[in-house]
1. From the helices alone, meaning DSSP H stretches of at least four residues, give me the mean residue ellipticity at 222 nm for the chain, per-run term -39500 (n - 2.57), in deg cm²/dmol to the nearest 500.
2. Looking only at 63, 134, 168, which one moves most when the chain is put into a Gaussian network model with springs between Cα atoms under 10 Å?
3. Post the alpha-carbon centroid distance, the stretch 99-132 to the stretch 146-179, in whole angstrom.
4. Positive end of the dipole of the chain, charges at C-beta (+1 Lys, Arg; -1 Asp, Glu), about the Cα centre: which of 46, 32, 120 has its Cα farthest in that direction?
5. Mean 1/r over all different Cα pairs, inverted: what Kirkwood radius does the stretch 85-162 give, in Å?
6. At 37 °C and 0.692 mPa s, grab the translational diffusion coefficient of the stretch 6-118 from Stokes-Einstein with a Kirkwood Rh over Cα pairs, rounded to a whole number in µm² per second.
7. Highest GNM mean-square fluctuation, the chain, Cα pairs closer than 10 Å: which of 166, 137, 98?
8. Based on the alpha-carbon set only, what is the convex hull volume of the stretch 137-186 divided per residue, in Å³?
Amino acid sequence: MIREPRTAVFLRHAASAEQAAYSAPDRGASLLGVIAKTCRAAADVYASDPTLDGCPAGRERDLDLVEELCRQIRSLIRSAVSGRGAARWPVEDRWVEAEALTGRLPVILGRARAVARTDHDTPDGSREISRLWLAAASTQIRAAGEQLQAAIRRAGRLPHPAPEVAELADLAERVIEHADKLEADRG
């Protein structure tokens, strides 16, 4: 199954919010307008740094949060407009909650913009992102080194092991050392 690019997801959310604004009361239309603007800006962040999409280092967390908050705000607007259960949760409280969440969007989007690497296609930028991804995978890299050690352990116990055992043992040790350095960099 092919996953839809995040730029397209955010642009679809923006278009949906704009469409919903036409039938919403003024208060809701205003919030939906902010959602649409924020989603277009989030799509721009992904477009400026495509390495964020599915980033193993978690650099896209703030964009995930933007998407989730936009979903919650839309749900609150629908709930406020319907007015169902107003005795348990007053409609005004729903609007206040939607407005409060909407107020958080610019700050979170700003953090997402700060994480984006517009130099992702330059040698230095690409190398730095590569290091981040390796650091994020340090646990799996260490496991690969340990798995290699385990695979050769029995062959190494023989009185006269094949020369490849020493070579592979050295390689496994270097892989584990790299994993340790990456883990330290991840901090």
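1. Mean residue ellipticity, 222 nm, calculated: -26500 deg cm²/dmol.
2. Judging by the Gaussian network model, the answer is 168.
3. 40
4. 32
5. It works out to 18.3 Å.
6. Result for D is 228 µm²/s.
7. Evaluated over the chain, the most mobile residue of the options is 166.
8. Spread over its residues, the Cα hull of the stretch 137-186 gives 51 Å³ apiece.
Read the figures in this text as sums done on the coordinates, not as results from a lab. The structure displayed is predicted, hence computed values, not measured ones. Positions of Cβ are backbone-derived with ideal geometry, glycine not excepted, and every protein chain shown enters the neighbour counts.
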